[in-house]
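**Student:** Dropping the structure in here first, questions after.
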Amino acid sequence: RPGQPCNVCRDGETAREFAIAGTVYWALDSRAPAPCTRVDLVDDAGNKQLAITNCAGNFFLLPEDRVVRYPFWVTLTAPGASEITMDSPVNGDGSCATCHHKTFSTRSTGRVYLYENPPGPPPSKCP
């Protein structure tokens, strides 16, 4: 369910719990996923964690695998090049879509995306 906070359903009762999860889109105004994107998380104690998006642009960390604590910062890196870092830290909810809705508003900066100005179309196949 793209655009819906992952932890709404992934609460440990309805489905397997996620500690941190989200979807990365290819571009600011695109519904195309960004597969194989590095999602680097770093907390204020210097703990680091890495997730890689799947073919649907989704990534997740399970509670037992989680190393970083709130607040943490996120950097996305495209395979082989582009990098984008969040301006502010994540402060207490592991679902990216809690703050990153489809449209811009006073409560959302828009979707999580890899490119503001993409270098071309998204990959047509996932490795």
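The values are calculated or read from the model by the stated rules, or taken from the named source; none is laboratory data. Quick caveat: nothing in here was measured; it's all calculated off a predicted structure. Quick reminder, even Gly has a Cβ in these numbers, built from the backbone with ideal geometry, and neighbours come from all protein chains shown. Only protein heavy atoms, including side chains, enter the accessible area calculation; ligands, DNA and RNA are left aside. Shrake-Rupley method; radii C 1.70, N 1.55, O 1.52, S 1.80 Å.
Yes or no, residue by residue, for (1) out of contact with any Pro (no Cβ under 6 Å at 6 or more places or on another chain); (2) closer than 11 Å to Leu114 by Cα:
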{"position": "Tyr25", "(1), (2)": "yes, yes"}
{"position": "Ala32", "(1), (2)": "no, yes"}
{"position": "Leu41", "(1), (2)": "yes, no"}
{"position": "Gln49", "(1), (2)": "yes, no"}
{"position": "Asn54", "(1), (2)": "yes, no"}
{"position": "Arg69", "(1), (2)": "yes, no"}
{"position": "Ser82", "(1), (2)": "yes, yes"}
{"position": "Ser88", "(1), (2)": "yes, no"}
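**Student:** A further question on this structure: Please go through segment 18-38 and pick out each residue that is in a strand (DSSP E or B) and charged (D, E, K, R).
**Tutor:** Arg38
**Student:** When the residues of segment 10-47 are filtered to those that are more than 19 Å from Asp65 (Cβ to Cβ) and modelled with pLDDT under 85, which remaining residue is surrounded by the fewest Cβ atoms within 10 Å (Cβ to Cβ)?
**Tutor:** In this case the residue turns out to be Glu13.
**Student:** With the condition kept exactly as written, say whether any residue in segment 103-119 is part of a strand (DSSP E or B), of a type in the set (D, E, K, R) and either within 12 Å of the chain's Cα centre (by Cα) or at pLDDT 85 or above (or both).
**Tutor:** There is no residue in segment 103-119 that is part of a strand (DSSP E or B), of a type in the set (D, E, K, R) and either within 12 Å of the chain's Cα centre (by Cα) or at pLDDT 85 or above (or both).
**Student:** Could you look through segment 48-63, keep only residues that are open to solvent by less than 50 Å² (accessible area, probe 1.4 Å), part of a strand (DSSP E or B) and out of contact with any Ser or Thr (no Cβ under 7 Å at 6 or more places or on another chain), and pick out the one that is modelled with the lowest pLDDT?
**Tutor:** Checking each candidate, the answer is Leu61.
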